[in-house]
Amino acid sequence: MNNKITTAKSGARATRRNFKEKRLPPGVANPIDVHVGSRVRLRRTLLGMSQEKLGEAVNLTFQQIQKYERGANRIGASRMFELSRVLDVPVSFFFDDMPDDIKTPEGVRARALEEHEQSTYEPDPLARRETLELVRAYYKILDPKVRKRLFELTKSLSGALVEE
């Protein structure tokens, strides 16, 4: 009987050790938190809302919003629900377009460590402020014909630059 207790204890220690080995090192952001934060930033920017305004709406400082958007701080369920209401999106929006490789614990760890080792990180061009401001300005053009002509002009300019 004493042998069974010893085996059970050592099994529990091994499980704890394995759990610690699977955790991310301190200071390494979880890629899921980074993705959720980028979706908060995307929606906030598309609405033309500043970090300060969003912070006021959910009773936080703009610094805390910055940490959420970088993935440095994890967003809790109640806060995520509150953000979804203020940003007028379903909670599922924050998880949309999540890369397949971070949908498993192994993928999360691999991605987190990979990103941590990279010195230069190229953000998604669709999430850049310039892109979001351009899209917002484009949709402020009320005349559909003018909008279509601007679209065609932009496409022709980008094609001309590729050809040169």
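The values are calculated or read from the model by the stated rules, or taken from the named source; none is laboratory data. Treat the numbers as computed from the prediction; the structure is a model and nothing was measured. Cβ coordinates were reconstructed from backbone atoms using ideal geometry, including for glycine residues, and neighbour counts include every protein chain displayed. Surface areas here come from the heavy atoms of the whole protein model, side chains and all, with no ligands, DNA or RNA. Shrake-Rupley method; radii C 1.70, N 1.55, O 1.52, S 1.80 Å.
Answer with yes or no whether Val108 is open to solvent by less than 70 Å² (accessible area, probe 1.4 Å) and at pLDDT 85 or above.
Details: open to solvent by less than 70 Å² (accessible area, probe 1.4 Å): yes; at pLDDT 85 or above: no.
So Val108 fails the test.
Return the pairs, sorted by first residue and then second, in which the second residue is of a type outside the set (Val, Ile, Thr) and outside any loop (DSSP other than H, G, I, E, B), the first residue lies in segment 54-70 and is on the phi > 0 side of the Ramachandran plot and open to solvent by 20 Å² or more (accessible area, probe 1.4 Å), the beta carbons are less than 9 Å apart, and the residues are 6+ apart or on different chains.
Asn59/Glu82
Could you list, in sequence order, the residues of segment 147-162 that are at pLDDT 85 or above and open to solvent by less than 70 Å² (accessible area, probe 1.4 Å)?
Of everything in segment 147-162, those that are at pLDDT 85 or above and open to solvent by less than 70 Å² (accessible area, probe 1.4 Å) turn out to be Arg147, Leu150, Ser156.
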